[in-house]
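Below you'll find the structure, written out as structure tokens, and then a few comments.
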Amino acid sequence: MSNKAWGGRFSEQPEAWVDEFNASIHFDKALIEYDVQGSIAHATMLANQGIISNSDCEQIKQGLNDILADYKQNKLDLDVSLEDIHLNIEHELIKRIGDAGGRLHTGRSRNDQVATDMHLYTKSEVTELIALIESFQATIVSVAEDNIDTIMPGYTHLQRAQPISFAHHILTYYWMLERDKSRFQDSIKRIDISPLGAAALSGTTYPIDRHETQSLLDFGSLYENSMDAVSDRDYIVETLHNISLTMVHLSRFAEEIIFWSSAEANFITLSDAFSTGSSIMPQKKNPDMAELIRGKVGRTTGHLMSMLMTLKGLPLAYNKDMQEDKEGLFDAVHTLKGSLRIFEGMVDTMTINVEQLQSTVYNDFSNATELADYLVNKGVPFRNAHEIVGKIVLWSIQNNVYLLDVPLTEYQQAHPSIEADIYDYLKPENCVSRRISYGSTGQAAVKEQLKVIKSKNKE
Ligand code: ARG
């Protein structure tokens, strides 16, 4: 006798390795809580509609809760030949409570059941991801608040461009994460939809109440089309995309952390707790966590591509291909959660080498734009000013000095309007504080930016 739920029609047993290939139990056991939740809602509705008796319903609920408790204590045997978590639970339930257990699947199919589980799982995980993003943002904001006056080189092309405030630099990541957060928040309305009661694809002949299961499971809405309900995996693609883009943002930040902590830059020192050593080079302290996060963007993006390809060309409605939606999503969720937690700890505990940052901008030409602006203020057209400053920079390079060390006579030869106040004007901290445009790096503007963030968070 076959132990399969669908054994009736079959006269041959699959070989063990076929069962193994077919099964999803190794990974979909992660859905057990959602599966039990969905089944309890379904049974409750069946009883309320008079489709099963109240006593069957009570036995089903009790049985399912017992199975879940046993699973949590590692006391539940899962059988690969029973394919997935749904059939393992049903088999166990029938073993424990007999016919009542056999009535649970009335008016339902694994197709709407697995979709229900995945919607519940995704909603819960996305909600958690949003909370983790918010927590990381709060850490970024507090580091920024402490470093409004910390001046550092701002880069374009990874060449020093203009002096900026460290707070301004790091707050850029706050805004990237803010967009990530809002994408996740927006996606919830496309995740929070109940497919339950769609059955295999066409609905059911039983007088079920889909609105009741929707509300029992706290779904915001329900699928209007039973075939769409069982074949939609768009919300998984969307979640994988949102995870991937957040990981891309983290990888950009990670790259900066790696550069900043190099001996060449020495802008920050990572805490020992977020670094590792080398097995051969005793002096080494490596930014492994940042490197891992930078590297892990490969897997999340891979999972996104893989899901898109799995769905491409799939006819309606359920196809077994869809079982492939799980491992990638689970792994992507796990990867982003870990990356956010680690990143927050790393940023929270790093030391910002304020003096090194300061001296860096005193030893470069990142105040050259400022010199051009000085000339513009004296009435020189910007294009001419650019040319004049270019020549002064060339002279400085040839004479091995920076702009603050160019003698006044040299300046005045370059342009007679340059006066002794130029030396104060060109100080990096003054270059920063003179930036008054909205959203700029000037200290006053950064404080304004922080105010906007604070008032946003109060909303
Ligand atoms: N393990 C399956 C999955 O994850 C459950 C749904 C199976 N449905 C079916 N008709 N074979 O997709």
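Miscellaneous remarks
- Selection from segment 1-26 of residues that are of a type in the set (A, V, I, L, M, F, W, C) and closer than 14 Å to TYR71 by Cα: ILE25
- Of all residues in segment 1-25 being part of a helix (DSSP H, G or I) and either without any contact (Cβ under 8 Å) to a residue 40 or more places away in the chain or within 11 Å of the ligand (Cβ to nearest atom) (or both), the one that is nearest to the chain's Cα centre (by Cα): ILE25
- Qualifying residues in segment 38-53 (those that are among the polar types (S, T, N, Q) and assigned to a helix (DSSP H, G or I)) - the one nearest to the ligand (Cβ to nearest atom): SER39
- Within segment 113-135, residues that are modelled with pLDDT of 95 or more have Cβ atoms under 6 Å from residues that are not in a helix (DSSP H, G or I) in these pairs: ALA115/PRO195; THR116/PRO195; THR116/LEU196; LYS123/ASP192, counting only partners at least 6 apart in sequence or on another chain.
- Positions within segment 145-180 being in a strand (DSSP E or B) and without any contact (Cβ under 8 Å) to a residue 60 or more places away in the chain, in sequence order: TYR155, THR156, GLN159
- Condition met for ALA273 (in contact (Cβ under 8 Å) with a residue 40 or more places away in the chain, small (Gly, Ala, Ser) and surrounded by fewer than 17 Cβ atoms within 10 Å (Cβ to Cβ)): yes
- Close pairs from segment 319-344: first over 17 Å from SER135 (Cα atoms), partner more than 9 Å from the ligand (Cβ to nearest atom) and not in a helix (DSSP H, G or I), Cβ under 9 Å, at least 6 apart: ASP321/LEU314; MET322/ARG233; MET322/LEU314; ASP325/ARG233
- Residue identified as assigned to a helix (DSSP H, G or I) and within 16 Å of the ligand (Cβ to nearest atom) among ASP66, ASP56, ASP70, ASP35: ASP35
Quick grid of which residues meet (1) in contact with a strand residue (DSSP E or B) (Cβ under 7 Å, 6 or more places away or on another chain); (2) within 30 Å of MET322 (Cβ to Cβ); (3) among the acidic types (Asp, Glu):
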residue: ARG252; (1), (2), (3): no, no, no
residue: SER261; (1), (2), (3): yes, no, no
residue: ASP272; (1), (2), (3): no, no, yes
residue: SER279; (1), (2), (3): no, no, no
residue: ASP288; (1), (2), (3): yes, no, yes
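- Number of residues in segment 309-341 that are surrounded by fewer than 18 Cβ atoms within 10 Å (Cβ to Cβ), in a loop (DSSP other than H, G, I, E, B) and within 16 Å of the ligand (Cβ to nearest atom): the value is 4.
- Residues in segment 435-446 that are surrounded by 14 or more Cβ atoms within 10 Å (Cβ to Cβ) and of a type outside the set (Val, Ile, Thr) were compared, and the one that is nearest to THR172 (Cα to Cα) is SER440.
- When each of THR204, THR213 is tested for being surrounded by fewer than 21 Cβ atoms within 10 Å (Cβ to Cβ) and either over 16 Å from ASN111 (Cα atoms) or in contact (Cβ under 8 Å) with a residue 60 or more places away in the chain (or both), the lone residue that passes is THR204.
- Here segment 73-91 is the region considered, the condition is being assigned to a helix (DSSP H, G or I), more than 32 Å from the chain's Cα centre (by Cα) and not hydrophobic (A, V, I, L, M, F, W, C), and the residue that is nearest to GLY38 (Cα to Cα) is GLU90.
- Among residues of segment 342-360, those that are of a type in the set (A, V, I, L, M) and either at pLDDT below 95 or not in a helix (DSSP H, G or I) (or both), counted: 2
- Check on LEU216, within 16 Å of the ligand (Cβ to nearest atom), aliphatic (A, V, I, L, M) and more than 30 Å from PHE267 (Cα to Cα): no
- Residue, farthest from GLN59 (Cα to Cα), within segment 92-112, restricted to residues that are near the ligand (Cβ under 8 Å from one of its atoms) and part of a helix (DSSP H, G or I): ASN111
- Test for TYR411: is it touching a residue at least 40 places away in the same chain (Cβ under 8 Å) and aromatic (Phe, Trp, Tyr): no
- Every residue from segment 113-130 that is within 22 Å of LEU340 (Cα to Cα) and either near the ligand (Cβ under 9 Å from one of its atoms) or among the charged types (D, E, K, R) (or both): LYS123, GLU125, GLU128
- Contact map, segment 245-267: first residue at pLDDT below 95, second residue among the polar types (S, T, N, Q), Cβ cut-off under 9 Å, separation 6 or more or different chains; the map is empty.
- Looking across ASN353, ASN377, ASN363, one residue alone is more than 16 Å from the ligand (Cβ to nearest atom) and touching a strand residue (DSSP E or B) at 6+ places or on another chain (Cβ under 9 Å). It is ASN353.
- Restricting attention to segment 293-308, the residues being more than 16 Å from the ligand (Cβ to nearest atom), among the hydrophobic types (A, V, I, L, M, F, W, C) and touching a residue at least 24 places away in the same chain (Cβ under 8 Å) number 4.
The values are calculated or read from the model by the stated rules, or taken from the named source; none is laboratory data. Source: prediction; values computed, not measured. Here Cβ is always computed from backbone atoms with ideal geometry, including for glycine, and neighbour counts include all displayed protein chains.
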